[in-house]
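Notes follow the structure.
The values are calculated or read from the model by the stated rules, or taken from the named source; none is laboratory data. Keep in mind that what you see is a predicted model, and the values were worked out from it rather than measured. When we count neighbours, we look across all protein chains shown, and the Cβ atoms used for this are built from the backbone with ideal geometry, even at glycine.
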Amino acid sequence: MTTVESGGPGLAQERRVVTSIPGPRSQELHARKAAAVANGVSQTLPIYITAAGGGILRDIDGNQLIDFGAGIAVVNAGNANPDVVSRVQEQVAAFTHTCFMVTPYEGYVEVAEALNRLTPGDHPKKSALFNSGAEAVENAVKIARRSTGRDAVVVFDHAYHGRTNLTMAMTAKNMPYKKGFGPFASEVYRAPMSYPLRDNEAAGTKLSGEDAAKRAISQIEKQVGADSLAAIVIEPIQGEGGFIVPAKGFLPALQAWCNDNDVVFVADEVQTGFARTGQMFACEDEGVVPDIITTAKGIAGGLPLSAVTGRAEIMDAVHGGGLGGTYGGNPVACAAALGAIETFERDDLPAKAAHIGEIMLGELTTIRAQHSAIADIRGRGAMIAIEITKPGTLEPDPELTAAVAAEAHANGLVVLVTGTYSNILRFLPPLVISEELLREGLGVLSDAFDAVDK
């Protein structure tokens with residue numbers, strides 16, 4: 001039996017590499033995993049964690065790695081966050097489940113009230129709670145279709161929205177998310193995304209956000225038609241697609257077109273939400289107020305919870321019983337969310353994310369000056385990525401990307417590879433990471449580039 005070590009904020013905030021990574025105990029446990037767990041559930045770095053907190057992950061071999069992943073932007077407020085832990089412990093001791101659709105409880109209502117208050121816009125809003133980001137996106141589409149009486153949904157190149165049948169159809173990348181799992185849901189259409197690095201090369205000049213929006217809208221009007229369209233669903237900064245930040249003006253232009261054509265504008269903030277980008281929600285950067293916003297990941301400090309929050313008249317278009325699920329808005333997850341939200345607001349984690357971004361952009365710019373394979377540095381707040389290409393070109397270099405990641409892993413830094421072409425290193429440190437650890441992690445990354453180049 002594995003002993004669970006004490007983690008949370010009390011965990012020593014220092015990198016320690018005491019064995020190879022993965023170490024012998026992790027390798028032994030991974031062999032058990034291979035025998036017991038379906039092969040389709042794979043791991044980026046097969047180290048087995050016994051404690052986590054601040055900016056550190058401790059594995060079963062005693063290695064302590066700097067965490068630049070945060071469980072894919074989930075533990076924004078920190079692993080084993082005290083506000084989350086105390087509320088969860090109190091709730092678990094009271095009751096763990098009743099099903100909100102059968103006998104409701106206050107925690108669900110409190111989370112909905114907080115979301116209605118925190119999300120952009122001062123219009124009347126309502127929320128519904130679910131379990132995962134994919135569930136939230138799928139329910140947002142259901143609500144938009146019911147509200148408009150239309151069927152079509154538009155998504156964008158490089159988008160990622162989930163692993164259910166509908167959200168796989170909405171996701172752009174084939175491998176590993178879609179290959180062999182069709183046929184997919186119908187009435188899903190794809191439009192071109194604003195991708196400044198690659199748009200500018202293709203256009204031979206700088207393509208503005210407004211011009212990129214005109215390109216997308218033209219395709220939507222020709223191939224779908226506004227009168228058939230229920231919703232546009234877009235990540236304000238794309239996540240799995242490679243942390244693509246659209247050019248300024250792109251999102252507001254799309255929103256304006258939706259408003260003019262009674263199309264529901266859905267912001268998928270599953271990865272960007274809850275202080276990650278230096279604001280509570282990424283769409284706030286340009287003052288975009290979505291009709292519906294989907295959230296998950298950072299909402300509940302690591303417990304499974306997601307939400308759809310939207311204009312009250314849109315949310316109320318669905319008949320009674322049309323939304324829900326056995327576990328949606330579980331009382332323990334709701335307690336965790338209230339603890340996480342308390343931390344976000346009291347400790348001003350959006351400001352901490354902005355500060356993390358300033359440090360990362362500065363250090364990554366220095367690394368880029370020494371390595372011509374880094375074609376782009378982008379993102380906002382504590383959601384930063386670098387795109388790696390063959391030097392002097394925009395040809396993706398997934399092999400170099402994987403090699404740099406592997407070198408970083410071996411030296412005690414958790415980084416994630418992403419992007420349509422698997423040539424993006426993305427960085428999502430917990431917002432409570434110390435500046436010292438953050439800079440040390442960036443130093444490990446710099447050394448990884450040096451080692452791979454040699």
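Check whether at least one residue in the range 293-300 is surrounded by fewer than 24 Cβ atoms within 10 Å (Cβ to Cβ) and either assigned to a helix (DSSP H, G or I) or at pLDDT 95 or above (or both), and report yes or no. Talk me through it step by step, then tell me what you get.
Quick first cut of the range 293-300, residues surrounded by fewer than 24 Cβ atoms within 10 Å (Cβ to Cβ) only: none.
No, the conditions are met nowhere in the range 293-300.
Just for helices (runs of 4 or more DSSP H) wholly inside the range 27-130: which have at least 2 residues that are surrounded by fewer than 20 Cβ atoms within 10 Å (Cβ to Cβ), in contact with a strand residue (DSSP E or B) (Cβ under 9 Å, 6 or more places away or on another chain) and on the phi < 0 side of the Ramachandran plot?
On the way: elements: 70-73, 82-94, 106-118.
Correct list: 106-118.
For the range 357-378, which residues satisfy the criterion of being within 30 Å of residue 307 (Cβ to Cβ), surrounded by fewer than 22 Cβ atoms within 10 Å (Cβ to Cβ) and not charged (D, E, K, R)?
357
Could you give every pair whose Cβ atoms fall below 8 Å, whose first residue belongs to the range 423-434 and is more than 18 Å from residue 397 (Cα to Cα), and whose second residue is at pLDDT below 95, counting only separations of at least 6 or pairs across chains?
Within 8 Å, the pairs are 432/9.
Looking at the range 199-249, which of its residues are in a loop (DSSP other than H, G, I, E, B) and surrounded by fewer than 14 Cβ atoms within 10 Å (Cβ to Cβ)?
The answer is 204, 205, 206, 225.
Yes/no per residue for (1) touching a Ser or Thr at 6+ places or on another chain (Cβ under 9 Å); (2) in the same structural domain as residue 157 (by TED's automatic domain parsing); (3) more than 26 Å from residue 175 (Cβ to Cβ):
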| residue | (1), (2), (3) |
| --- | --- |
| 359 | no, no, yes |
| 384 | no, no, no |
| 390 | no, no, no |
| 404 | no, no, no |
| 420 | no, no, no |
| 428 | no, no, no |
| 438 | no, no, yes |
| 446 | yes, no, yes |
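Working only within the range 422-445, note down all residues that are closer than 30 Å to residue 192 by Cβ and surrounded by fewer than 19 Cβ atoms within 10 Å (Cβ to Cβ). Before you say what the answer is, go through the steps one by one.
First pass over the range 422-445, keeping only residues closer than 30 Å to residue 192 by Cβ: 422-428.
Once the filter is applied, which keeps residues that are closer than 30 Å to residue 192 by Cβ and surrounded by fewer than 19 Cβ atoms within 10 Å (Cβ to Cβ), the range 422-445 yields only 422.
Quick one: in the range 31-57, of everything that is β-branched (Val, Ile, Thr) and in contact with an Asp or Glu (Cβ under 9 Å, 6 or more places away or on another chain), which residue is farthest from residue 68 (Cα to Cα)? Outline the logic, then answer.
Of the residues in the range 31-57, the ones β-branched (Val, Ile, Thr) are 37, 41, 44, 47, 49-50, 56.
Still in the running and in contact with an Asp or Glu (Cβ under 9 Å, 6 or more places away or on another chain): 47, 49-50, 56.
Working: 47: 15, 49: 15, 50: 17, 56: 9 Å.
So the residue we want is 50.
Here's a check for you: in the range 272-292, which residue that is of a type in the set (Val, Ile, Thr) and in contact with a Pro (Cβ under 9 Å, 6 or more places away or on another chain) is surrounded by the fewest Cβ atoms within 10 Å (Cβ to Cβ)?
So in the range 272-292, the residues of a type in the set (Val, Ile, Thr) come out as 272, 277, 288-289, 292.
This time we only want the ones that are in contact with a Pro (Cβ under 9 Å, 6 or more places away or on another chain), so: 272, 277, 288-289.
Details: 272: 29, 277: 29, 288: 22, 289: 18.
Checked the range 272-292; the qualifying residue surrounded by the fewest Cβ atoms within 10 Å (Cβ to Cβ) is 289.
Just to be sure I understand the filter: pairs with C-beta atoms under 8 Å, separated by 6 or more residues or on different chains, first member in the range 209-229 and within 16 Å of residue 255 (Cβ to Cβ), second member outside any helix (DSSP H, G or I) and aromatic (Phe, Trp, Tyr). Which pairs pass?
Taking only residues 6 or more apart or on different chains, the pairs are 216/156; 220/189.
Give the number of residues within the range 238-273 that are over 23 Å from residue 152 (Cβ atoms) and out of contact with any strand residue (DSSP E or B) (no Cβ under 7 Å at 6 or more places or on another chain).
6
Just to be sure before I move on: is residue 342 assigned by TED's automatic domain parsing to the domain that holds residue 49 and either not aliphatic (A, V, I, L, M) or not in a strand (DSSP E or B) (or both) in the structure I sent? I'd like the intermediate steps shown before the answer.
Numbers: assigned by TED's automatic domain parsing to the domain that holds residue 49: no; either not aliphatic (A, V, I, L, M) or not in a strand (DSSP E or B) (or both): yes.
Taking the combined requirement at face value, the residue does not satisfy it.
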